[in-house]
Amino acid sequence: MADRLWTHEELKVLLELRSIADLEKLIANPGRKYREQYAHTYAINALRNIAASDVLPEDIRVLVQRVYDLHEKA
């Protein structure tokens with residue numbers, strides 16, 4: 001069974017509520033065990049879903065950039 005493509009709204013929710021929130025929590029807690037590994041996993045998972053989709057309007061591109069920036073800080 002082929003994976004389905006994510007819709008615009010699903011991608012927005014994925015980035016805003018899941019990946020960005022998770023990365024912000026990691027940045028706020030620099031002493032967390034395995035912090036770098038978690039940050040990498042959250043960012044890569046979000047970007048993998050986006051890369052698999054044909055839906056990339058401007059607001060999604062902005063969120064992708066924010067995920068990359070947060071990943072770098074973490």
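Assorted remarks:
- Between Thr7 and His40, the simple spin-label model (points 7 angstrom out along Cα→Cβ) gives 3.5 nm.
- Counting protein heavy atoms only, the chain has 54 percent of its accessible area on carbon and sulfur, 1.4 angstrom probe.
- Computed from backbone phi with θ = phi - 60° and the Karplus coefficients 6.51, -1.76 and 1.60, the 3J(HN,Hα) list for segment 8-23 is 4, 5, 5, 5, 4, 5, 4, 6, 5, 9, 9, 5, 5, 4, 4, 5 Hz; x is used for glycine and proline.
- Between Ala28 and Asp59, the modelled labels are 2.4 nm apart [label points 7 Å from Cα along Cα→Cβ].
- Cα shape, segment 1-49, gyration tensor, a/c 1.5 rule: oblate
The values are calculated or read from the model by the stated rules, or taken from the named source; none is laboratory data. Keep in mind that what you see is a predicted model, and the values were worked out from it rather than measured. Glycine also receives a Cβ, built like all others from the backbone with ideal geometry; neighbour counts cover every protein chain displayed. Side chains included, ligands, DNA and RNA excluded: accessible areas come from the protein's heavy atoms. Shrake-Rupley method; radii C 1.70, N 1.55, O 1.52, S 1.80 Å.
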